[in-house]
1. Go through the residues of segment 7-26 one by one and say whether even a single one is buried (at least 19 other Cβ atoms within 10 Å of the Cβ), over 15 Å from the mean Cα position of the chain (by Cα) and modelled with pLDDT of 95 or more.
2. Can you name the condition, by its number, that Ser135 falls short on among (1) out of contact with any Phe, Trp or Tyr (no Cβ under 9 Å at 6 or more places or on another chain); (2) hydroxyl-bearing (Ser, Thr, Tyr); (3) within 25 Å of Arg14 (Cβ to Cβ); (4) part of a helix (DSSP H, G or I)?
3. Across segment 82-92, which residue is nearest to the chain's Cα centre (by Cα) among those that are crowded, with 18+ Cβ neighbours inside 10 Å and not charged (D, E, K, R)?
4. Mind checking whether some residue in segment 112-129 is part of a helix (DSSP H, G or I) and farther than 28 Å from Val60 by Cβ?
5. Collect the residues in segment 32-47 that are in contact (Cβ under 8 Å) with a residue 40 or more places away in the chain and assigned to a loop (DSSP other than H, G, I, E, B), keeping them in residue-number order.
6. Ser126 - would you say it is in contact with an Asp or Glu (Cβ under 7 Å, 6 or more places away or on another chain), more than 20 Å from Leu7 (Cβ to Cβ), in contact (Cβ under 8 Å) with a residue 12 or more places away in the chain and buried (at least 16 other Cβ atoms within 10 Å of the Cβ)?
7. With (1) free of Cβ contacts under 8 Å to residues at least 60 places away in the same chain; (2) within 18 Å of Ala80 (Cβ to Cβ) as the list, and Leu112 as the residue in question, which single condition is left unmet?
8. So which residues in segment 40-92 are of a type outside the set (A, V, I, L, M, F, W, C), under 30 Å from Ala161 (Cα atoms) and touching an Asp or Glu at 6+ places or on another chain (Cβ under 7 Å), if there are any at all?
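The values are calculated or read from the model by the stated rules, or taken from the named source; none is laboratory data. Bear in mind that the values here come from a model prediction, so they are computed numbers and not experimental data. FYI the Cβ positions are ideal-geometry reconstructions off the backbone, even for glycines, and counts take in every protein chain you see.
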Amino acid sequence: MSALRLLALSGSERAGSLNRRLLEVAATAARSRGAQVDHLDLRSLALPLYDGDLEKVSGVPEGARRLRDALRAADGMLLAAPEYNGFPTPLLINSFDWLSRLQAEGDAPAGLAGTTGKPLGLFSASPGPMGGLRSLNLTRQYLSMTIAMMPVPQQFALSRAGEAFDDSGALKDAKQQAAVEAVVAALLRVAGALKAAG
């Protein structure tokens, strides 16, 4: 079986994002287990705020097709999902809202056909004491129920994230690193089993 391929997404793409740093820790853990990891910057998709009138006039933006194609090419997804006022970020939700509007086009499936049953490993990072856990659970609900993805049971919320990384970007705490590794390992087990069965 060929190497598993994962798509890595962050719900925050700002400079210095703690969630992007945590995502890179997870990606490094996946690569150490033989997986290929592709990063996609959600901002680069240039998706406007979802608006049904805009969709009616202009159709679904090309950025939604880029997201669909990246998901189709992946065996699973790593997602670092920040918390904004207790909820997932607009960047994350808006990207998947647009994706859900894509209909099948030629050989390309509808947007949700590319997410249905796709395994997912969830992470969050926050300077606060809960590590973004409130948002992480809502993200799990949104992506499993609405977008039909399959989050693995394990997840990791990194609290006090502003103090958690060393100068090289690695986590200082071995227990936190082990928690990241556990999510990655679970994701690769599920993605590997689905790929072998497919």
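1. Here is the first cut: in segment 7-26, the ones buried (at least 19 other Cβ atoms within 10 Å of the Cβ) are 7-12, 18-26.
Now drop any that are not over 15 Å from the mean Cα position of the chain (by Cα), which leaves none.
No; the residues of segment 7-26 include none that is buried (at least 19 other Cβ atoms within 10 Å of the Cβ), over 15 Å from the mean Cα position of the chain (by Cα) and modelled with pLDDT of 95 or more.
2. Going through (1) out of contact with any Phe, Trp or Tyr (no Cβ under 9 Å at 6 or more places or on another chain); (2) hydroxyl-bearing (Ser, Thr, Tyr); (3) within 25 Å of Arg14 (Cβ to Cβ); (4) part of a helix (DSSP H, G or I) one by one, Ser135 breaks only (1).
3. Initially, segment 82-92 is screened for residues crowded, with 18+ Cβ neighbours inside 10 Å, giving 82-83, 88-89, 91-92.
Pick out the ones that are also not charged (D, E, K, R) and you get 82, 88-89, 91-92.
Numbers: Pro82: 11, Pro88: 12, Thr89: 12, Leu91: 12, Leu92: 9 Å.
By that ranking, first place goes to Leu92.
4. At the first step, the residues of segment 112-129 found to be part of a helix (DSSP H, G or I) are 112-114.
Retained after the next criterion (residues that are farther than 28 Å from Val60 by Cβ): none.
Taking every residue of segment 112-129 in turn, none turns out to be part of a helix (DSSP H, G or I) and farther than 28 Å from Val60 by Cβ.
5. Just the residues of segment 32-47 that are in contact (Cβ under 8 Å) with a residue 40 or more places away in the chain, to begin with: 33, 35, 37, 42-43, 45, 47.
Once the filter is applied, which keeps residues that are in contact (Cβ under 8 Å) with a residue 40 or more places away in the chain and assigned to a loop (DSSP other than H, G, I, E, B), segment 32-47 yields Arg33, Ala35, Leu47.
6. On the way: in contact with an Asp or Glu (Cβ under 7 Å, 6 or more places away or on another chain): yes; more than 20 Å from Leu7 (Cβ to Cβ): yes; in contact (Cβ under 8 Å) with a residue 12 or more places away in the chain: yes; buried (at least 16 other Cβ atoms within 10 Å of the Cβ): yes.
Yes.
7. Of the numbered conditions (1) free of Cβ contacts under 8 Å to residues at least 60 places away in the same chain; (2) within 18 Å of Ala80 (Cβ to Cβ), the odd one out for Leu112 is (2).
8. Asp41, Arg43, listed by residue number.
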